[in-house]
2 protein chains.
Amino acid sequence: MSLRYALLGLLADEPASGYDLTRKFERALQRYAWHAQHSQIYPELGKLAADGLVEVIAEGARGRRTYAITEQGRTELRSWMLNPPDVFVVRHEFVLRLFLLSTLDPEDARAVLRPVAQESARELATLRESLDRAEATAPPGTELALGRLVAEYGLRSFQTMHDWALWALDRIDQVEAAKAARPAG
Amino acid sequence: MSLRYALLGLLADEPASGYDLTRKFERALQRYAWHAQHSQIYPELGKLAADGLVEVIAEGARGRRTYAITEQGRTELRSWMLNPPDVFVVRHEFVLRLFLLSTLDPEDARAVLRPVAQESARELATLRESLDRAEATAPPGTELALGRLVAEYGLRSFQTMHDWALWALDRIDQVEAAKAARPAG
DNA sequence: AAATGACATGTCTGATTCAACATGTCAAGG
DNA sequence: CCTTGACATGTTGAATCAGACATGTCATTT
């Protein structure tokens, strides 16, 4: 069901084609919130249209079809946003690997953690840059879009991950050092 | 594929039955890393056994079958841990809802964020408590298990979420106040 | 002796999802 | 004119997954 709401959410912002939506998934949702391929997006758009939640508002070059959300679609989306399910579906390969870290020896654990520290730093820098750029563009005093809130969440999450990875690496070193100093244990 | 490694990872720690594994999923993995039901776990255990990555080491009361990881299973798990895929699959209904926050008006956004702030605080308290309990049990100077690292990651993640939700609520208030003070805008 | 509830393992149907296959358009460069 | 690459939309078959159904055990309480 979530894919359907992800699409409605993206279309609530502005009309878009299947291709546009696929790119939006790749740029924004894919890495943080919801993964989907175009082979899933096109059929779902069809179902959404059949259910009257979106409609085709233009057909352009190369068979391009632009979809817009309908009033009914907006109502449906809002109702989903305000009435969350009890239990959220979470599937996060990255975090799963963190959980399974305890199956490795210290050397292997370090080998897993080092790239985590590096990549989170890189991701963080990218996010920060695009946020700064957006803030520089908006005139001061301008009402901030709610989208800014999510960007901040992403920023903080990656900062947390980065700090944690460094802390974890340090921790492993400490434990090893303590063990070396007390070989009897 | 991830379910298979999640199961191998849990079995790497200690042998367990399908029922045990289902409960472990519910307690630990389900909310943070990987969601799976028993109707998926039982068949996957069968496949794992057929592939020689786990084996039945005991059959107990009520048809209970205890599985243990094999050497081959450990090798397979380690190789997956050390050779991560390029792109991680992420499906996170909760974060998806955050992304779609921008489709709501400020009043609705607040209604979504308030429970987030509350629940993250509750989750945080629970985690902190169980961590403190674990630390009190372990004699001082004891080598800390790598599992401690993940607990810390969970703790930090919920702290980040909580802080962010409060920040976001505050931000929305500020923007509204600014708008009220400047009704012409 | 019966009822209840936690324990325990499975199957089945339909929905979701993935990877691969398939087709074609249009613009720019050689 | 031909090639390349970005644009654009789909289908198909296999695998994965969810929710409901199904079955039975064992310990405790009534």
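Accessible area per residue of the stretch A:2-82 at 1.4 Å probe, in Å²?
Working: 4170 Å² over 81 residues.
Solvent-accessible surface per residue comes out at 51 Å².
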Exercise. With only alpha-carbon atoms counted, please give the Rg and Dmax of the stretch A:93-181, in Å.
Key: 17.7, 59
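Compute for the stretch B:2-82: radius of gyration divided by Kirkwood radius, i.e. Rg/Rh, restricted to C-alpha atoms, rounded to two decimals.
Details: Rg = 11.8 Å, Rh = 12.6 Å.
Radius of gyration relative to Kirkwood radius: 0.94.
With all protein chains present, how much of the accessible area of chain B (probe radius 1.4 Å) comes from carbon and sulfur, to the nearest whole percent? All intermediate terms of the calculation are to be shown ahead of the outcome.
On the way: 5010 of 9730 Å².
Reported share for carbon and sulfur atoms: 52 percent.
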Quiz item: Using θ = phi - 60° and the Karplus form 6.51 cos²θ - 1.76 cosθ + 1.60, what ³J(HN,Hα) does each residue of the stretch A:19-36 get, whole Hz, x for Gly and Pro?
Solution: 5, 4, 5, 4, 5, 4, 4, 4, 6, 10, 6, 2, 8, 10, 10, 7, 9, 7
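Ignoring ligands, DNA and RNA and using a 1.4 Å probe, state the total buried accessible area between A and B in Å², rounded to the nearest 100. Kindly include the intermediate steps, with their values, before the conclusion.
On the way: alone 13200 and 13180 Å², together 19470 Å².
Heavy-atom accessible area buried at this interface is about 6900 Å².
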Practice problem: Quote to one decimal, in nm, the extra length available between residue B:118 and residue B:68 on full extension: 0.36 nm per residue of separation minus the C-alpha distance between them. | Solution: 14.0 nm
Quiz prompt | Note, ³J(HN,Hα) from phi for the stretch B:150-157, Karplus 6.51, -1.76, 1.60, rounded to Hz, x at Gly and Pro | solution = 5, 4, 4, 4, x, 4, 5, 5
Quiz item: Between residue A:129 and residue B:134, what FRET efficiency comes out of the Förster formula 1/(1 + (r/R0)^6) with R0 = 25 Å and r the beta carbon distance, rounded to 0.05?
Solution: 0.05
Quiz prompt | Estimated vicinal HN-Hα couplings, Hz - the stretch B:85-95 in sequence order (Karplus 6.51, -1.76, 1.60; Gly, Pro = x) | solution = x, 4, 10, 8, 7, 10, 9, 9, 4, 4, 5
Quiz item: What shape does the protein assembly as shown have by the C-alpha gyration tensor, where a ≥ b ≥ c are the square roots of the eigenvalues, rounded means a/c under 1.5, and otherwise prolate means a/b greater than b/c and oblate the rest?
Solution: prolate
Quiz item: For chain A, what number results from the quotient of the Cα radius of gyration and 2.2 N^0.38 Å?
Solution: 1.37
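Suppose every Lys and Arg Cβ carries +1 and every Asp and Glu Cβ carries -1, with no other charges. What dipole size does the stretch A:93-181 come out with about its Cα centre, to the nearest 20 debye? Each step should come with its number before you reach the end.
Working: 10 positive and 15 negative charges, 11 e Å.
Rounded to the nearest 20 debye, it is 60 debye.
The values are calculated or read from the model by the stated rules, or taken from the named source; none is laboratory data. Keep in mind that this is a model prediction, so the values were computed, not measured. Every residue, glycine among them, receives a Cβ derived from its backbone with ideal geometry; neighbour counts consider all protein chains shown. Just so you know, the surface numbers come from the protein's heavy atoms only, side chains and all, with ligands and any DNA or RNA stripped out. Shrake-Rupley method; radii C 1.70, N 1.55, O 1.52, S 1.80 Å.
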